[in-house]
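In what follows, a single structure is set out as structure tokens and then discussed.
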Amino acid sequence: MRRIAIEITESKELDINSVPDHTQLPESYGTFVKNFQEHYQNILLTDSIKLTLDKIHPDGKYAIGQDCGIYWRLTDPPLRGAEAPDWFYVPHVSPLLN
């Protein structure tokens, strides 16, 4: 199993010295999907790649997400450090939060 190391350094600009978890970050920002076909496109993409991902990850350790915020940098306010791609795949993680 491959491990990914995340280095946490203190940010003097934001005075942040730890990475917040999913319970400490905003979960919505009041906008809506503008592409009515997006949902069907995501289902098609997921269905077409699922068998391949199941072969790559026989332990089931991967997640597929749609229109969810991914916090990739620490900012103030937190939403500035987030992106919400239409579809994404994350290897080597549990598909559900505990």
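Bear in mind these aren't lab numbers, they're just calculated from the coordinates by the rules spelled out. Everything numeric here is computed off the predicted structure, so don't read it as measured data. Positions of Cβ are generated from backbone atoms using ideal geometry, with glycine treated the same way; all protein chains shown enter the neighbour counts.
Ranked by the mean number of other Cβ atoms within 10 Å per residue, highest first, peptides 60-67, 76-83 order as 60-67, 76-83. Note on Leu96 and Asn42: their simple-model spin labels are 1.9 nm apart, each label 7 Å out from Cα toward Cβ. Rg/Rh, computed from the Cα trace of the range 59-98 with Rh as the Kirkwood radius, has the value 1.05. Once you put a point 7 Å from the Cα of Thr23 and another 7 Å from the Cα of Ile49, both along the Cβ direction, what distance in nm separates them? For Thr23 paired with Ile49, the spin-label model returns 3.1 nm.
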